[in-house]
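Single-structure report; data block below.
Derivation of every value follows stated rules applied to the coordinates shown; laboratory data play no part. Here the structure is a predicted model, which is why all the values come from computation and not from measurement. Note that we place each Cβ from the backbone using ideal geometry, even for glycine, and neighbour counts take in every protein chain shown.
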Amino acid sequence: MSQVKTLNEFILDKQHDFPFASGELSRLLSDIGVASKIINQEINKAGLVNILGAAGNENIQGEEQQLLDVFADNKFINAFRSGGEVCGIASEENDDFLPFENESSRNGKYVVTFDPLDGSSNIDVNVSVGTIFSIYRRISTEGPAQLEDFLQKGTEQVAAGYVIYGSSTMLVYTTGKGVNGFTLDPGIGEYCLSHPNMKAPEDGRLYSFNEGNYNTFSTGLQKYCDWVKEEDASTGRPYSCRYIASMVADIHRNLIKGGVFCYPATAGSPNGKLRLLYECNPMAFIVEQAGGIATTGHERIMEIQPTELHQRVPALMGSKNMVGKVLEMINQYD
Ligand code: AHM
Ligand code: MG
């Protein structure tokens, strides 16, 4: 039988590569693993217990919050607040960032930005959802986190990752040295290394766009959507459309099979729908570390200087050559 490596063993091994590291990042990553297991259990029970349905509040984006969003948000906040490594967080579900005042955390080295439950409209219909997170080293020197700690470019991420609550639950993360994926073994309650050194295929045949918005896409994107449907043996077209409306699941699948994901600017959302700090930067870090490309269509996502916490940007990411083809169309027609 092959040797199983758990997430914690893997994190510890990696820490040994840096003998002078304090172990705080390792502890933080492992806290995220624990919180995600609690959320996973709750999601699995979603159809059974009276936790389904809207919480009756709207978040700052004007979207209805689901009870599980709130549950997941609280679990992560509590894990970060009590861990001692983090001096504050910003989450998609909260209007403002949350500085930690408690003695054990106020001087923590890191801040975390996260989307506790992305794609949560899928919960009611038993379709995959995800958690997305980014970790940054604080800029302020001491005390609870300040706004400047969160408004950092994606290139400053120390680590990022996602959890996908799907037909199995996986945690995938990077610290800038490649991407590794761990599958939760429900029998032993541990994440086990299942996808070491994940690499996105350079080509693929899957495109993930919400084509219902076709009429409001730019000409370049419309041309791409037309191009993928043409018959051509040399490029394997027509391509297949795969769109779950759960960014984590769409990008995770494309990373494994090869594909391109896009949430562009539309008439209704002139900057796109997805948030730079909670969704685009962390997923961009993963995609780039797996060998793919992550861009707005005009600039590299991770080089954008954020100006506000809930900033949205258009997102185009995935297999290198497929993103390259979309960019070619954008450059030619837009
Ligand atoms: P959420 O953060 O409110 O859950 O929304 C984000 C999700 C993404 O996971 C997904 O890519 C996108 O919304 C789908 O949006 P649409 O239904 O407009 O295609
Ligand atoms: Mg989201």
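Rounded to the nearest 10 degrees, what's the angle between the helix 67-83 long axis and the longest principal axis of the chain, both from Cα atoms, 0 to 90? Its long axis makes an angle of about 50 degrees. Translational diffusion of the chain, estimated by Stokes-Einstein from the Kirkwood radius over alpha carbon pairs at 10 °C in a medium of 1.306 mPa s, is 78 µm² per second. Compared with the dominant principal axis of the Cα atoms in the chain, helix 320-333 is inclined by about 60°. Using only Cα coordinates, the Kirkwood hydrodynamic radius of the range 206-333 works out to 14.5 Å. Bridges between two residues of the range 7-195, per DSSP, are antiparallel at a rate of about 90%.
Grab the Cα-Cα distance for K14 and T155, subtract it from 0.36 nm times how many residues apart they are, and report the gain in nm with one decimal.
Working: separation 141, 0.36 × 141 = 50.76 nm, distance 2.10 nm.
Fully extending the segment from K14 to T155 adds 48.7 nm.
With each run of n ≥ 4 DSSP H residues scored as -39500 (n - 2.57), what mean residue ellipticity at 222 nm is computed for the chain after dividing by its residue count and rounding to the nearest 500 deg cm²/dmol? Rounded to the nearest 500, the figure is -9000 deg cm²/dmol.
Scan the chain and report its longest stretch carrying no trypsin sites (Lys or Arg not before Pro) that are both in a DSSP loop and have at most 14 other Cβ atoms within 10 Å. Provide the component values of the computation, followed by the final result.
Numbers: sites that count: K45, K177, K199, K229.
Formally, the longest exposed-site-free interval is 46-176.
Within the range 303-334, list the residues whose amide N lies under 11 Å from a label point set 7 Å along Cα→Cβ of K229. Those under the cut-off are none; the list is empty. Between C241 and E142, the FRET efficiency estimated from the beta carbon spacing at R0 = 35 angstrom works out to 0.10.
Take the eigenvalues of the Cα gyration tensor for the range 7-195, scale each by 5, and report the square roots as semi-axes in whole Å, largest first. Display every interim value, and only then the final one.
Numbers: eigenvalues 136, 96, 36 Å².
Here the semi-axes work out to 26, 22, 13 Å.
Sorted by average packing, counted as other Cβ atoms within 10 angstrom per residue and highest first, what order do 145-152, 243-250 take? Before the final figure, lay out the partial values.
On the way: 145-152: 18.9, 243-250: 21.9.
Final packing ranking: 243-250, 145-152.
What residues from the range 91-119 fall in the zone where the backbone N is under 20 Å from a label point 7 Å along the Cα-to-C-beta line of T307? Under cut-off, by backbone N: 96-97. Using a 7 Å offset from Cα along Cα-Cβ at V4, what residues in the range 156-179 end up with backbone N under 16 Å from the label point? Taking a point 7 Å out along Cα→Cβ of V4, the residues of the range 156-179 whose backbone N falls under 16 Å are 168-171. Extension gain for the segment N74 to S104, taken as residue separation times 0.36 nm less the Cα-Cα distance, is 9.0 nm to one decimal. Only beta bridges with both residues in the range 180-334 are counted; by DSSP, about 70 percent of them are antiparallel.
For A90, the residues 5 or more places off, or on other chains, whose built amide H falls under 5 Å of its own are L98, V112, T113, F114. For the range 108-182, taking the reciprocal of the average inverse distance between every pair of different Cα atoms yields a Kirkwood hydrodynamic radius of 13.8 Å. So what's the angle, to the nearest 10 degrees on a 0 to 90 scale, between helix 247-257 and the longest Cα principal axis of the chain? Helix 247-257 sits at roughly 70 degrees to that axis.
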